[in-house]
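Here the structure is laid out as structure tokens; the discussion comes afterwards.
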Amino acid sequence: MFRRHNKIRLNPVHPKEYYERLKKVPDDLIKRCPHCQKALVNKQLPKDYTCYHCGLPLTFPAKERIEWLLDEGTFQEWNESLTTQNPLDFPGYQQKIDETASRLEINEAVITGVGKLANQPLAIGVMDSRFIMASMGTIVGEKLTRLFEEATCQRLPVVLFIASGGARMQEGILSLMQMAKVSQAVERHDKAGLFYLCVLTNPTTGGVTASFATQADIILAEPRALVGFAGRRVIEQTTKVTLPEDFQQAETVLANGFIDHIVPRSHQHETLSFLLKAHSIS
């Protein structure tokens, strides 16, 4: 006697109904961790934007990073109204800026201001790699310069979270000039006896690395962050040498003495507040 197995019957879905359901699924529902390659549900990400599978850092939006790091209700933004005006009339550039600003609800690739960390006042700048890879244009340079100038006037330490794909090609030489401008503001801040700390996040490359990213009194980095000047392919094509997989990885850069320490996000509150207190001039 044969036993009859019960079969699960699925109700067929009409193609039209299927596509109507598909339209209701948000585009940003799921993404993949760049480190472990496992799927992540965006709404389930922890507040520090680390992968809940491997614990490594993901892209951290600037506003959310500031809210997560600083004491609640202490942040006041500076120069929020500054916006890029396409100084070289580069085709399509203004449209790209406007669309990116509207989508991310920020005016440029860096947010600057003043706040408190563990009740210690500081000036802070956070670069956002979602905004045209946090490339450095005239407004990014201007906001950073004003940050250091105002911090110098108010006798405040500066903390920068840095990310960048380099200079913004749509602004040509005007973009490259920001390297010298920001570096001079950093030097004036230093000569006033004030403390500057930076945290290099993924990626930190190009002219930013060659200027203010490496001028800090203490240079920290996040795990696995890409830190370098020229890109990997450019170096390989120029030198005709195949580079190792961990080339320009923060851990390798640390081993070669380029940065001071690697700090995971779970330790950043404690580490930054300790360093600010240790270098306090009051």
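The values are calculated or read from the model by the stated rules, or taken from the named source; none is laboratory data. Since this is a predicted model, take the numbers as computed values, not measurements. Because the Cβ atoms are built from the backbone with ideal geometry, glycine has one as well, and the counts that use them run over all protein chains shown. Please note that ligands, DNA and RNA were not included when accessible areas were found on the heavy atoms of the full protein model with its side chains. Shrake-Rupley method; radii C 1.70, N 1.55, O 1.52, S 1.80 Å.
Worth a mention:
- Scoring W78 on the criteria (1) farther than 24 Å from E222 by Cβ; (2) open to solvent by 60 Å² or more (accessible area, probe 1.4 Å) leaves a single failure, condition (2).
- The residues of region 115-155 that are of a type in the set (V, I, T) and open to solvent by 10 Å² or more (accessible area, probe 1.4 Å), listed by number, are I132, T138, I139, T152.
- Sole residue being more than 18 Å from T271 (Cβ to Cβ), of a type in the set (G, A, S) and in contact (Cβ under 8 Å) with a residue 40 or more places away in the chain, chosen from A62, A39: A62
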